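Notes follow once the structure below has been shown.
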Amino acid sequence: MVYICTLLTFCKFIYNKHNITDAGLSVKQKDFRDVFNMMESKLCPKYEEAFKLLGKRWIGVIIKVLFEEKCRFKDLNAQIPNISQKVLSERLRELEEYGIIQREVFDDKPVKVLYSLTNKGKDLEPVMEAVQSWAIKWLDLREE
């Protein structure tokens, strides 16, 4: 481990001394840089990114509803009280950008749009169940 830390320190010195930018790095160098940054911050950037997304208000609830069935926008809005249409629309767009949900448009009259989980989204089920179990065991609801 000492050798790895020494190597990483040396590489950081070279990286900073020569002012290397992302544009000048190969894929392998970028992967190394990501590992290097992870070692320096002690946290995995993907872990941080996952919690940044999943920690947003309403994201978990939207995913939970979509575990049950495909839903239209109005059905999601009805099943999640207190969420505005604007916020629901933003969250659905974010989840679609991350590839967690998919949006299917049917050319009916009127146009029908269904939201469902992708395989990537379905893989979140055990994670969401674990969070729910933890919450049931450890959290008390606060009066607002």
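Observations on the model:
- Helices (runs of 4 or more DSSP H) contained in region 25-130 and holding at least 2 residues at pLDDT 95 or above: 59-68, 73-79, 85-97, 119-122
- Only a single criterion out of (1) surrounded by 11 or more Cβ atoms within 10 Å (Cβ to Cβ); (2) within 17 Å of the chain's Cα centre (by Cα); (3) without any contact (Cβ under 8 Å) to a residue 24 or more places away in the chain is not satisfied by residue 55, namely (1).
The values are calculated or read from the model by the stated rules, or taken from the named source; none is laboratory data. Everything numeric in this text was worked out from a predicted model, so none of it was measured. For neighbour counting, all protein chains shown are included, and Cβ atoms are generated from backbone atoms with ideal geometry for every residue, glycine included.
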